[in-house]
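What follows is calculated from the coordinates using simple rules that are stated; it is not laboratory data. Keep in mind that what you see is a predicted model, and the values were worked out from it rather than measured. All Cβ positions, glycine included, derive from the backbone under ideal geometry; neighbour counts span all protein chains shown.
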Amino acid sequence: MDNRDLSKFRSSCRAFLEQEARPFIAEWEKSGLVSRNFWRRAGESGLLGMGVSEQWGGRNRADYHYAAVLTEELIRAEMTAPVIIAHNDVIASYIDMHGTDEQRDRWLPGLCHGELIAAIAVTEPNGGSDSADLATLAVRQGQYYVVDGGKTFITNGINADLILTAVRTSGAERGQGISLLVIERDTGGLTRGDPMKKLGWHASDTASLHFSNCHVPVSNLIGKENIGNFYFMGGMPRERLSISTVAVATAELLLEKTLEYVKSRRAFGQPVGSFQYNRFRLADLDTEVKIARIYLNDAIDKFNRRELNVVEAAQIKLWTTELQVKVADCCMQLHGGVGYLRDTFIGKTWVNSRVQTIYGGTSEVLKEFISKSMGL
Ligand SMILES: Cc1cc2nc3c(=O)[nH]c(=O)nc-3n(C[C@H](O)[C@H](O)[C@H](O)COP(=O)(O)OP(=O)(O)OC[C@H]3O[C@@H](n4cnc5c(N)ncnc54)[C@H](O)[C@@H]3O)c2cc1C
């Protein structure tokens, strides 16, 4: 890792987001959509598909520390980080890793330049935790798959030009028989619901998708048929590392802002941060967040060496997101009534934090998975 280059990259992300994101966030929160112009500007500035090779429009920054720095800066700019993470960390990396050269040629430059926006669609209306239990069917007819079914809670669901969709291509049981198809914007039979009215992360379009007799070219299949779940398992460490990065970056920022607040806010003639109860709570949280940072950095190093396995990725996602929720709740309490205001950093971050233990594998499902790996 080149620390000087990483710090230059951080400065450029910060400058870009201060200019191109922060002034527009209120507008995006109102419309529930990030403007396409932002995506194009992010592409021009080299923030999309950073890990992709230059041959396909990327910046060859495969070291995950770069992705982590971008996430940290998205959080600092109060930008809805999952929209970029889903695009960069999930979809672009699946196409890069498992796509053919023809697919890379077709899609990666657009994804890296912000001309194409991507979404990943796995969750279905009848349940998301049991992702092996998919009902969306893709039946091969000549050079097409005919897709019927539906997905829900899809990040970038309205904006997306490319939807990496998990479909059932065989009657095989459970996790077998799942394939990954890229469904493109203008595919006949694809319809999108209205943006879902979420509690938080307002500057993002989360939507339901419906597929009715959608003809998807066979050339849009990613990797081999019926082993999509295998690809998902391979992509899990990166996806969960990205959610953990959001967790740690958010917890750090929450503590930083709360410390400033409790030093200036006074009650009973003294700063609220000087009461022993609050000092000890903050001391505990500061210690835990520092442990989380070391844990995260270690996981990033392991990921870079291709050594972060799915169980370790589940563990870090579980622990850091639960910590984020705890930190957010305590920091909100320390802000008193101000913390409960909808448009304050603290109020918004408290709500945004809550979903972190739900998407990308709920804490309960992760505990099931981790405990199974322990032979239980
Ligand atoms: C803002 C947001 C963005 C999202 N973005 C995407 C996206 O881009 N793409 C996508 O595909 N999905 C996305 N999701 C969906 C998300 O991944 C699912 O919500 C999540 O996997 C949980 O599934 P579910 O909501 O169907 O809950 P359910 O599976 O119905 O679970 C309900 C409850 O039951 C618990 N439970 C389930 N199984 C067990 C068990 N074995 N033991 C104990 N408890 C259990 C769960 O932990 C949970 O508490 C998003 C969700 C949100 C809220």
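Scoring 57-63, 366-372 by mean Cβ neighbours within 10 Å over their residues and listing the highest first yields 57-63, 366-372. Phi angles across the stretch 115-129 convert, under the Karplus curve 6.51 cos²θ - 1.76 cosθ + 1.60 with θ = phi - 60°, into 3J(HN,Hα) values of 7, 10, 10, 10, 9, 10, 10, 10, 4, 10, x, 8, x, x, 5 Hz, Gly and Pro given as x. Taking 0.36 nm per residue of separation and subtracting the current Cα-Cα distance, fully stretching the chain between Arg279 and Thr344 would add 21.1 nm. Remark on Gly223: its backbone amide H falls under 5 Å from those of Thr100, a criterion applied only to residues 5 or more positions apart or on other chains, H modelled at 1.01 Å from N. Taking every DSSP beta bridge with both residues inside the chain, roughly what % is antiparallel (nearest 5)? Antiparallel bridges: around 85 percent, rounded to the nearest 5. Only Lys, Arg, Asp and Glu carry charge here, each on its Cβ (+1 for the first two, -1 for the last two); on that basis the chain has a dipole of about 840 debye about its Cα centre.
Counting only residues at least eight positions apart within a chain, or on another chain, the lysines with an alpha carbon under 24 Å from that of Lys224 are Lys151. Dividing the mean sequence gap of close Cα pairs (under 8 Å, 6+ apart) by how many residues the stretch 3-116 holds gives a relative contact order of 35 percent. Could you tell me the center-to-center distance, by alpha carbons, between the stretch 149-195 and the stretch 325-376 in angstrom? Here the answer is 28 Å between Cα centres.
Between Asp105 and Gln55, full extension at 0.36 nm per residue minus the direct alpha carbon distance yields a gain of 17.1 nm. Between Lys8 and Thr191, the modelled label-to-label distance comes to 5.2 nm, taking each label 7 Å out from Cα in the direction of the beta carbon. Legend: calculated FRET efficiency, Arg305 to Ala135, from the Cβ-Cβ distance at R0 = 41 Å, rounded to 0.05, equals 0.60. With the charge dipole of the chain set up from +1 on Lys and Arg Cβ and -1 on Asp and Glu Cβ about the Cα centre, the Cα lying farthest toward the positive end among the listed residues Val355, Gly193, Ile120 is that of Val355. Using a simple spin-label model with pseudo-atoms 7 Å out from Cα toward Cβ, Thr362 and Gln176 lie 2.8 nm apart. In a reduced charge model with +1 at each Lys and Arg Cβ and -1 at each Asp and Glu Cβ, the stretch 229-373 shows a dipole moment near 220 debye about its Cα centre. Derived scalar couplings between HN and Hα for the stretch 146-155 equal 9, 9, 9, x, x, 10, 9, 6, 8, 5 Hz in order, rounded to whole Hz, by the Karplus curve 6.51 cos²θ - 1.76 cosθ + 1.60 (θ = phi - 60°), x for Gly and Pro. In the chain, taking the dipole from charged Cβ atoms about the Cα centre, the farthest positive-side position among His210, Ile346, Gln103 is held by Ile346.
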